[in-house]
Amino acid sequence: MVSVSTPSQKPVPLPAGDDGVSTDVLIVGAGPSGSAAAIHAARAGLEVLLIDAQSFPRDKTCGDGLTPRAVHQLEKLGLAEEITRAYSNRGLKLHGFGGSVEAPWPDSAFGNVGSAMTRASLDNLILRTAGEFGAVTVWESATADTPRFSGSRLESVVVNHAGRRRTVRAGHVIVADGVRSVFGRKLGRIWHRGEVYGIAARSYCPTPYSGEDWIHSHLELRDESGVVQPGYGWIFPLGDGTVNLGCGALSTDSRPAQINTKKLLTFYASQQRPQWRLGTERDVASALLPMGGAVSNVAGPNWMLIGDSAACVNPLNGEGIDYGLETAELAVSLISGGPGRDFTLLWPHVLRENYGEAFLLARTAARALTYPTFLPLVGPIGFRGPLAQLLMPAAARLMGNLITEEDGDIMARLWRGAGAVVAAARRGTPLWDSTVR
């Protein structure tokens, strides 16, 4: 019989043949959130086991854009310069309803440099960086199968590592296994589909303009019959001879988006092909995306869900890499802040304090977009009216997650004020709250 222990727990016998291990922190999922958490934990002096169901490098359905907020977090990991040296961008170009507006990244606490990198490359880079720390052990092709509890505390996790079942005892567990969060669901995570969520498809297209230093968003997204869809199309240059081209739409259970996103992507690409001299779309992939914190049961006494697993995704554009990197840092700061903390209520509270009002307001705005008449009514005002040069840069700032509590300008004050009003009006709405079902 093999036994493993942690300083705070008595050794528990393991099944015969189970090659058990113990660690301070088990991290399930090695995307940007999980790998960033591993780096922060190692820097805090903790031993980490980082596992992922796939082997790297691997693809991930994503727009691949990196806002200045994401770049700021990558700076903390020591990776921003390497990424932005390969490609950087100046901001957004927004198109639609007969107009186009340039919206440079504003000077902010996050800087004003954005970038883009395929998730296959980005995720591999952060994972390999995490693996360079002696305190971090990486298991690829390792699936977190069975959680084992002692009361409500997650005592151990049975992991299938390359065909071997191994019991991992960990003082703390961070779950970062993406939007579907297979392991999060085993811990009780609930996705509330009555709230707005995203459906999206992306592709890669060769183009001679992959070095373009603006990312492009088409907010007037029409299908082949000419109907405006509640979403947008994007073209993110990658600086490597290709662009990430995709489209997304907003949906709720009561007003589901009646589109085939892959078919819509093909039509959108055909519209953009002459201007961008696009080659054929390749590696087309699609995904469903819980957004704006519309999940509950995201924590227990010694475990937390972070990033996409906790629906930390901007409902206005589907951006989540920045929030994933931030929540990784926040989670590790709680773990390293002292023993004996129970995260069951603390972690949802931390998420609400940092993102709650903004997410509720963004979810409310996104919900309005699901009404068929909304975009055709307000779109021309935003792009062709006298307020276009004010409204569109403001929209870009919101889409880039670039408003903070420290900002004192009128746009930031209006956003925070509106967020407080909406938060009060929608009290009881699912927002990481274990009491909401």
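The rows are residues; the columns are (1) without any contact (Cβ under 8 Å) to a residue 60 or more places away in the chain; (2) open to solvent by 20 Å² or more (accessible area, probe 1.4 Å); (3) acidic (Asp, Glu); (4) part of a loop (DSSP other than H, G, I, E, B).
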{"position": "GLU102", "(1), (2), (3), (4)": "no, yes, yes, no"}
{"position": "ASP107", "(1), (2), (3), (4)": "yes, yes, yes, yes"}
{"position": "ASN124", "(1), (2), (3), (4)": "no, yes, no, no"}
{"position": "THR143", "(1), (2), (3), (4)": "no, yes, no, no"}
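Given TYR197, TYR232, which one is within 23 Å of the chain's Cα centre (by Cα), under 14 Å from GLN271 (Cβ atoms) and aromatic (Phe, Trp, Tyr)?
On inspection, the qualifying residue turns out to be TYR232.
Would you check which residues across the range 208-237 are among the hydrophobic types (A, V, I, L, M, F, W, C), at pLDDT 95 or above and either more than 21 Å from PRO68 (Cβ to Cβ) or surrounded by fewer than 24 Cβ atoms within 10 Å (Cβ to Cβ) (or both) and list them?
The answer is TRP214, and nothing else.
Can you tell me which of THR344, THR327 is open to solvent by less than 10 Å² (accessible area, probe 1.4 Å) and of a type in the set (Ser, Thr, Tyr)?
THR327
Quick one: would you say VAL243 is open to solvent by less than 20 Å² (accessible area, probe 1.4 Å), at negative phi and not in a helix (DSSP H, G or I)?
So VAL243 passes the test.
Evaluate the range 23-38: report whether one residue or more is touching a residue at least 24 places away in the same chain (Cβ under 8 Å) and more than 16 Å from LEU127 (Cβ to Cβ).
Within the range 23-38, one or more residues are touching a residue at least 24 places away in the same chain (Cβ under 8 Å) and more than 16 Å from LEU127 (Cβ to Cβ).
What is the residue count in the range 271-296 for residues that are at pLDDT 95 or above, assigned to a loop (DSSP other than H, G, I, E, B) and touching a strand residue (DSSP E or B) at 6+ places or on another chain (Cβ under 8 Å)?
4
Okay, residues lined up against (1) at pLDDT 95 or above; (2) open to solvent by less than 60 Å² (accessible area, probe 1.4 Å):
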residue	(1), (2)
GLU75	yes, no
ILE83	yes, yes
ASN89	yes, yes
LEU94	no, yes
GLY99	no, yes
ALA120	yes, yes
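Take the residues in the range 22-47 that are within 20 Å of ARG148 (Cβ to Cβ) and not charged (D, E, K, R); name whichever of them is nearest to the chain's Cα centre (by Cα).
Looking at residues that are within 20 Å of ARG148 (Cβ to Cβ) and not charged (D, E, K, R), I get GLY29.
Quick check on ILE174: is it modelled with pLDDT of 95 or more, among the hydrophobic types (A, V, I, L, M, F, W, C) and closer than 19 Å to ALA86 by Cβ?
In short, no.
Could you please give the count of residues in the range 50-67 that are of a type outside the set (Gly, Ala, Ser) and surrounded by fewer than 24 Cβ atoms within 10 Å (Cβ to Cβ)?
Within the range 50-67, residues that are of a type outside the set (Gly, Ala, Ser) and surrounded by fewer than 24 Cβ atoms within 10 Å (Cβ to Cβ) number 7.
The values are calculated or read from the model by the stated rules, or taken from the named source; none is laboratory data. This structure is a prediction, so every number in the text was calculated from the model and none was measured. Backbone-built Cβ (ideal geometry, glycine too); neighbour counts: all protein chains shown. Quick note on the areas: whole protein, heavy atoms, side chains included, nothing else; ligands and nucleic acids left out. Shrake-Rupley method; radii C 1.70, N 1.55, O 1.52, S 1.80 Å.
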